[in-house]
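To start, the structure under review is shown below, and the notes come after it.
What follows is calculated from the coordinates using simple rules that are stated; it is not laboratory data. All figures in this text were calculated on a predicted structure; none of them were measured in a lab. Glycine also receives a Cβ, built like all others from the backbone with ideal geometry; neighbour counts cover every protein chain displayed.
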Amino acid sequence: MARAPLLQLSGISLTFGGNPVFDGLDLVVQAGDRVALVGRNGSGKSTLMKVMAGLVEPDQGVRTVPPGVSVGYMEQEPDLSAFATLGEFAASGLPEGEDYRVSVVAEGLRFDPQTPIAAASGGERRRAALAKLLAEAPELMLLDEPTNHLDIQAIRWLEDQLRETRAAYVIISHDRAFLRALTKATLWIDRGAVRRNEKGFEAFEDWRETVWAEEDVARHKLERKIKSEAKWAVEGISARRKRNQGRVRALQALRAERAAMIRRQGTADMALETGQVSGRLVIEAKGISKQYGEKLILRPFDLTVLRGDRVAFVGPNGVGKTTLLKMLTGEIAPDTGTVRHGTNLQIAVFDQARAALDFNMSLWDGLVNDPEMSVSGRSDQVMVRGTPKHVVAYLKDFLFDEAQARAPIGSLSGGERARLLLARIMAKPSNLLILDEPTNDLDVETLDLLQDILGEYDGTVLLVSHDRDFIDRVATTTVAMEGGGRAVVYAGGWTDYQAQRAEQAPERAAPKASPKSVPAAEEKVRKAAQGLTFTEKHRLESLPDVIEKLEAEIRKLTDFLSDPDLFQKSPDKFRKASQGLAERQAALTAAEEEWLLLEEKAGA
């Protein structure tokens, strides 16, 4: 017998501010579904997901979830006020004794569960919300932009978790590589309607273009029919004493059908104007390094950036990508080395923190009060690439409607804030763009347009991003920050970097094989003679805490698995706990061996 759907929406209608978001929407999610939920910014993706989660009540329609089915939703801005730490929040929905799951997930997502709520950044709060969902392991997971604020290593870990899970999930994401890797069906919100295609995101763009082409053909046929019938109606007045009233009514119906057609939203009218041509040399860094206290950010590093280069900086969160970027632009001074800038630089900055936006200002005031955009004596115009333009007209270029012009910036969605920041940057001539996480929250169409614009831009681009697809499409050079102050320059984008790194792996691994061919005593002397590097010293000091944490997790998992009825009651829990125990035992062995080696090296 066929199993009931995990979730069913029937006849859902919802209106916000007098504008219908959905009308008569039907949707089904089955067990095992892997679904991408896509659509333009502002099309209602997050709203639909909240309806699916039961957090938004529709005006009409029914949400059906069978008894016993659990639906989990990753909140974008969770309320953590009732909890002391991120870990306490993430474990709040778990049965007693199973909070070890949070530690497992936190390690993969790279955040500390002991972080106090008051000290947690927005990104850490988002990761805690994701950890809560993964630890609870519902039968249906609803994930709204889960990769935002994750570095590439954490994104790939999350991909592995979702690839292996037996749960169904629906994902909203701007990360095309992430969606391509995981999804097997696509829900597309377009002008209030939701279409479903039984193919993953890989096929979305072709499907979208096919749908739009069919629409264009149908609209063209309708226009021709209306034109033909209108001509008959005019000529028929003189050709007949009595008009065919049925045919006239049919013409009125055709015109009503055309009027009811909702035109597709165009793409933003974005453009970059290159300012005066910079010198051929844009940035030359020689021997620059940086250290904060005991944390080594960058060992002596050289980089030359020439006019027209597109340089991407990649690496784990907290490794120092933004710090390196600020050293290259002169915002932060390096501890050693020099940074030399070329001539005639005009710099425009896209800041991932959106610090340039005052959330209390309206969109209108945020533009006209920008000193570089203001028009003397006019409070309704902005200077756009040297030409005055009405502020509402410029906002419409970036897909904002007139009603939003007086709304506070803080009321905008993440994608709308990103578009507003792009509007400010693109109003001014530049020849060096600094883009720090520009892709967060942007829809696919806007990302495509941004990539095209960067491809035609005559200036130079320095880019920090965790979006592998975007890096591949934009970057000509990749600087990989690999931790411990190490930064390596690779030609090409993300895929090129991965290929070159794989080719170099055997060379890097060769020295590690040498102890097998060297007597143990000689190898011990050789390692001792080298002494401890700064990174090794720091690692030696931190390893006892790592070992203690692993031992505690092993004890919890062992106690949990000691229940003789666990396998019968919950085979999934038994499998996951057994896997977690094996992973931690292997990690403990490796950590103990590493500690012994470093201790021996330090004491020799």
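Using the average count of surrounding beta-carbon atoms within 10 Å as a protection proxy, the listed peptides 397-403, 205-211 rank, highest first, as 397-403, 205-211.
In a fully extended conformation the segment linking W207 and R501 would gain 102.3 nm over its present Cα-Cα distance, using 0.36 nm per residue.
Here the extension length gained between D26 and N344 equals 108.8 nm, from 0.36 nm per residue of separation less the Cα-Cα distance. Simple spin-label estimate for S570 and E583 gives 1.7 nm between the two label positions (7 Å along the Cα-to-Cβ direction from each Cα). Summarising the amide proton neighbourhood of V349: residues at separation of 5 or more, or on other chains, whose placed amide H is nearer than 5 Å comprise I434. Per-residue extension of 0.36 nm, minus the Cα-Cα distance of V62 and E96, leaves a gain of 8.8 nm for this segment. Within the range 389-418, the trypsin sites (Lys or Arg not before Pro) that combine a DSSP coil assignment with at most 14 other C-beta atoms in a 10 angstrom radius are R406.
Site pair R280 and I547 shows an inter-label distance of 5.8 nm when each label is modelled 7 Å from Cα along Cα→Cβ.
Packing here is the average count of other Cβ atoms within 10 Å per residue, and on that basis the peptides 446-452, 276-282, 458-464, highest first, run 458-464, 446-452, 276-282.
What separates the Cα centres of the range 270-302 and the range 35-65 is a distance of 44 Å. Rounded to the nearest 20 debye, the dipole size of the range 86-206 about its Cα centre is 380 debye, using +1 on the Cβ of Lys and Arg and -1 on the Cβ of Asp and Glu.
Given R0 = 51 Å, the distance between the Cβ atoms of V489 and A4 translates into a calculated FRET efficiency of 0.40. Summing Cβ point charges (Lys, Arg +1; Asp, Glu -1) relative to the Cα centre of the range 414-455 gives a dipole of roughly 320 debye.
Around the amide H of E145, modelled in the peptide plane, lie the amide H atoms of I172, S173, all under 5 Å away and 5 or more residues distant in sequence or on another chain. Rounded to the nearest whole Hz, the Karplus-based 3J(HN,Hα) values (6.51 cos²θ - 1.76 cosθ + 1.60, θ = phi - 60°) of the range 589-595 follow the sequence 4, 5, 5, 5, 5, 5, 5, with x at glycine and proline.
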